Amino acid sequence: MPSLRSRLFIFSLQNRHLLQGKRKRRAMLDWNTSMPELRAEIEQGAGFFGKLPEGFTLEPVDIDTGDKDGLPAEWMRPPGAAADRAILYFHGGGYATGSIA
């Protein structure tokens with residue numbers, strides 16, 4: 001059985017429209033959804049899902065792909081990390097919204 005804290009968290013996610021003073025829940029996606037607006041909303045919500053542990057640093061980098069824009073990436077470094085080692089992480093799936101954040 002889920003804890004009270006878990007049930008309250010799930011309730012707040014499912015009913016966040018009420019917590020924002022709105023009576024109806026807005027559908028997240030439909031055929032009229034504007035992708036720039038959806039991306040902005042997801043980007044805003046990304047800040048609610050935790051923070052980096054203390055001492056971690058993020059260093060933005062732009063990978064040269066031959067295109068004019070390149071590919072945005074980040075070096076995420078924990079405190080005391082060896083400079084000659086790395087973990088390479090590729091996000092899987094077809095998720096096409098949001099940003100590196």
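What follows draws every value from the coordinates through simple rules; no lab data is involved. Quantities reported herein were computed from a predicted structural model and do not represent experimental measurements. Using ideal geometry, Cβ is built from the backbone for each residue, glycine included, and neighbour counts are taken over all protein chains shown.
Figures for the structure shown
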{"read-out": "Packing rank of 34-41, 47-54, where each peptide gets the mean count of other beta carbons within 10 Å, highest leading", "value": "34-41, 47-54"}
{"read-out": "Segment 5-55 shape via C-alpha gyration tensor axes, a/c threshold 1.5", "value": "oblate"}
{"read-out": "For the chain, the fraction of alpha-carbon pairs in successive 10 Å shells from zero, as %", "value": "10, 27, 32, 22, 8, 0"}
{"read-out": "Helix-only [θ]222 nm of the chain, DSSP H runs n ≥ 4, -39500 (n - 2.57) each, per residue, nearest 500", "value": "-7500 deg cm²/dmol"}
